[in-house]
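The values are calculated or read from the model by the stated rules, or taken from the named source; none is laboratory data. All values derive from a computational prediction rather than experimental measurement. Cβ atoms come from the backbone with ideal geometry, glycine included; neighbour counts cover every protein chain shown. Accessible surface areas use protein heavy atoms only, side chains included; no ligands, DNA or RNA. Shrake-Rupley method; radii C 1.70, N 1.55, O 1.52, S 1.80 Å.
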Amino acid sequence: MRWPSQKRALLLTLGVLYAALLAISLVAERREHPSSSTKPIAKNDITLTVPAMGPGGPIISSDPVIIHALRWGNPNDPRPAVILIHGSPGAADNFSTLGPLLAADGRRIVAIDMPGFGQSSNNVPSYDARAHAHYMLLAASRLGLERPHILGWSMGGVVSLHYADLVPNT
């Protein structure tokens with residue numbers, strides 16, 4: 001089936017317009033965020049070894065789980081830290097732009113690879129959001145983050161809600 005020449009011309013015009021707008025967007029992004037003109041805020045990679053979790057908490061019979069996280073800002077800042085929880089699929093490095101921006105005033109920022117994602121253990125007994133909330137709670141405790149602010153998107157948003165449910169009155 002051949003499309004009429006008017007439809008082909010319209011599709012070609014839309015394709016060229018899309019490509020031009022994409023090119024303009026990339027040029028504007030490079031101008032706004034040049035790679036070498038600003039010094040990035042130092043980040044620290046963190047690795048924690050924790051018990052495997054299920055929806056109800058620790059699973060004693062399972063191998064330990066490695067949790068990887070990225071940290072920005074001043075670890076001694078007295079204000080509550082902010083924990084960033086990615087969506088699925090995703091990883092802590094999804095926050096490589098937001099983390100330093102939030103840490104610019106010294107606040108502690110921690111982005112965590114949920115188990116099963118990023119550089120955390122890939123073979124975990126449960127991908128349940130409540131199990132991930134248990135992991136986040138344990139990671140916050142091990143990192144000394146008392147009453148942190150939690151920010152999550154997509155699956156990370158669901159994990160954030162379960163986290164809040166596990167820690168009432170905070």
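Only one residue in N74, N122 is farther than 16 Å from A140 by Cβ, open to solvent by 10 Å² or more (accessible area, probe 1.4 Å) and without any contact (Cβ under 8 Å) to a residue 24 or more places away in the chain. Which one?
After ruling out the rest, the residue left standing is N122.
What about P100, is it exposed (fewer than 15 other Cβ atoms within 10 Å of the Cβ) and more than 22 Å from T49 (Cβ to Cβ)?
When the stated conditions are applied, P100 does not pass them.
Got at least one residue in region 53-65 being modelled with pLDDT of 95 or more and within 12 Å of the chain's Cα centre (by Cα)?
Within region 53-65 (the criterion being modelled with pLDDT of 95 or more and within 12 Å of the chain's Cα centre (by Cα)), the answer is no, since none of the residues qualifies.
Any chance you could count how many residues in region 57-71 are more than 18 Å from W153 (Cβ to Cβ) and either open to solvent by less than 80 Å² (accessible area, probe 1.4 Å) or of a type in the set (A, V, I, L, M, F, W, C) (or both)?
Residues in region 57-71 being more than 18 Å from W153 (Cβ to Cβ) and either open to solvent by less than 80 Å² (accessible area, probe 1.4 Å) or of a type in the set (A, V, I, L, M, F, W, C) (or both): 9 in total.
What's the number of the condition V82 fails, among (1) under 19 Å from P51 (Cβ atoms); (2) at pLDDT 95 or above; (3) of a type outside the set (S, T, Y)?
(1)
Mind listing whichever residues of region 145-170 are open to solvent by 80 Å² or more (accessible area, probe 1.4 Å) and within 13 Å of the chain's Cα centre (by Cα)?
W153
Which of the residues belonging to region 1-48 are open to solvent by less than 100 Å² (accessible area, probe 1.4 Å), of a type in the set (G, A, S) and at pLDDT below 55?
Within region 1-48, S37, A42 qualify.
S141 fails exactly one of the following numbered conditions: (1) free of Cβ contacts under 8 Å to residues at least 12 places away in the same chain; (2) in contact with a Lys or Arg (Cβ under 8 Å, 6 or more places away or on another chain). What is the number of that condition?
(2)
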